[in-house]
Amino acid sequence: MSCNSNVHSAISPSHIAIRGGTVVNADHQFRADVLCRDGRIVAVGEQIEVPAGAAIIDAGGQYVMPGGIDPHTHMQLPFMGTVTADDFYSGTAAALAGGTTSIIDFVIPAPQQSLLEAFHIWRGWAEKSAADYSFHVAVTWWSDSVAAEMETLVRQHGVNSFKHFMAYKNAIMADDSVLISSFARALELGAMPTVHAENGELVHLLQQQLLAQGMRAPAAHPLSRPPQVEAEAAGRAIAIANVLQTPLYIVHVSCAESLAAIARARAAGQRVYGEVLAGHLLIDDSVYANPDFAGAAAHVMSPPFRPAEHQQALWKGLRSGDLHTTATDHCTFCAGQKAMGRSDFTKIPNGCGGVEERMSVIWDAGVGSGWLTPSEFVAITSANAARIFNIYPRKGSVSVGADADLVVWDPLASRTLSAATQHSLGDFNVFEGRTVQGLPSHTISRGKLVFERGELRAERGAGRYVRRPPFAPQKQILQAPGKHDKQGSKQK
Ligand SMILES: NC(=O)NCCC(=O)O
Ligand SMILES: [Zn+2]
Ligand SMILES: [Zn+2]
């Protein structure tokens, strides 16, 4: 479908002025012009002086927001015997068309593979990115060399988060011993442990049982990964983080039970962060009942889409502050690839797209319905991710000195989403037929106008690797400060 037929060169005068819009940051919104020079924001204010020769964007009646940050994508990922359809160019170009100007993707070393070797391979693949990118690095096995390479990644390569897949047994699954070693090491290094929370042993057992019962179609996929399987793993990761006193970021929280575990931990004073996918907010499990294999298989991802009541809980979690970021887990496989699991649902490559649609579908359903304010939208689509992964306010903020990654947002524009018009190279759109109100009119990436009212000017290789500094290494503090007197000695 689509595939970048509508791509032209980015417009890049040294100055871009955005005039007459309402700037929205995560903490407040205000009327202001924004001036960008050489890739940075250099002025935000009323009636700013615009140098001769600057490109001028009229943002009257529109919002000017930080470009979206999608903290969970998989471009060019080799996975389940195939490779995703979108590479770093097509995937980031699609992101820009939807108002997302940065992604955080994943380096996933094979068990026994050097983390550094894998990191350099992914860095090479990502050089063609049209938008800025960064990497979480997965810890899929453990040894002293992994511990040493984590340090090199943090200190020399700007990695401050490590991912652990608690699912995908016999492939990339991290067992408790890996989780514990890696979380403890992350704490020493000032890095954030993150988890894909699903009990891989239970998934494996349920898959085998379903296959033995002759259930081979995609409809069996959600049955092999019920909410309890996710909640058990989320609870276990939270408990490990609690004992070790590490922070924890849980990716793609999809069910009320996991959310409740996060809420309980946070109420008890634990630093736990939750990410929710645009798809999990808006699509329910009825998609797996589709008798057409291709339609059902296109929705096979993990965790799976859930019964509708979970969506209500997730939206509440975003508003209550127990969920912090929104992502897509953009991981596109075409129909021919999904067909690898035609006679065995466990072989369907897991993953769906969405990097181009995330901002619009969340604005439409969240802000359009009155559930979220524009500032809350900025918090959950960019600012919170920037804070959690330590690149704020350079990213996620419209402020002087920040990168000129901006989206001019037209709250009245609408379109109907479709694979026929998407920029992703995937051949399916999980939001097919959904009409959304609220679209980017302009996207500016590092000071260049890369998208203007439907015309995409993404530039291969224009994206830059974003280094993310570590947080200060934390001491292990086993008691809350209130248990100590003012001099710091323990109370009797
Ligand atoms: N989510 C999914 O189904 N595929 C990508 C890998 C992962 O994030 O688990
Ligand atoms: Zn995952
Ligand atoms: Zn993922």
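The values are calculated or read from the model by the stated rules, or taken from the named source; none is laboratory data. Quantities reported herein were computed from a predicted structural model and do not represent experimental measurements. Neighbour counts are summed over all protein chains in view; Cβ atoms, including those assigned to glycine, are modelled from backbone coordinates with ideal geometry. All accessible areas refer to the heavy atoms of the entire protein, side chains included, with ligands and DNA or RNA removed. Shrake-Rupley method; radii C 1.70, N 1.55, O 1.52, S 1.80 Å.
For this structure, a couple of remarks:
- Based on protein heavy atoms only, the chain ends up with 37 Å² per residue of surface accessible to a 1.4 Å probe.
- Packing around the peptides 305-311, 435-441, taken as the average count of other Cβ atoms within 10 Å per residue, puts them in this order, highest first: 435-441, 305-311.
- Per residue, the chain reaches -8000 deg cm²/dmol at 222 nm when only DSSP H runs of four or more residues are counted, each adding -39500 (n - 2.57).
- Relative contact order (percent, whole number), the stretch 257-330, Cα cutoff 8 Å, 6+ residue spacing: 44 percent
- Each DSSP beta bridge with both residues in the stretch 68-388 is either parallel or antiparallel, and the antiparallel ones are about 5%.
- By a 1.4 Å probe calculation restricted to protein chains, Arg394 has an accessible surface near 80 Å², given to the nearest 10.
- Pairwise Lys count, the chain - Cα closer than 22 Å, eight or more residues apart or different chains: 12
- Cα gyration tensor, the stretch 176-315 - rounded (a/c under 1.5), prolate or oblate: prolate
- Global geometry of the chain, whether rounded, prolate or oblate, following the gyration tensor of its Cα atoms and the 1.5 cut on a/c: oblate
- The phi torsions of the stretch 224-235, fed into the Karplus equation with coefficients 6.51, -1.76 and 1.60 and a -60° offset, translate into couplings of 7, 9, x, x, 4, 5, 6, 5, 4, 5, 4, x Hz, rounded to whole numbers, with Gly and Pro shown as x.
- Between the stretch 55-108 and the stretch 173-191, the alpha-carbon centres lie 28 Å apart.
- Counted charge near Ala85, where neighbours are those whose Cβ lies closer than 12 Å (Asp, Glu -1; Lys, Arg +1): -2
- With all protein chains in place and a 1.4 Å probe, the accessible surface of the chain carries 52 percent carbon and sulfur.
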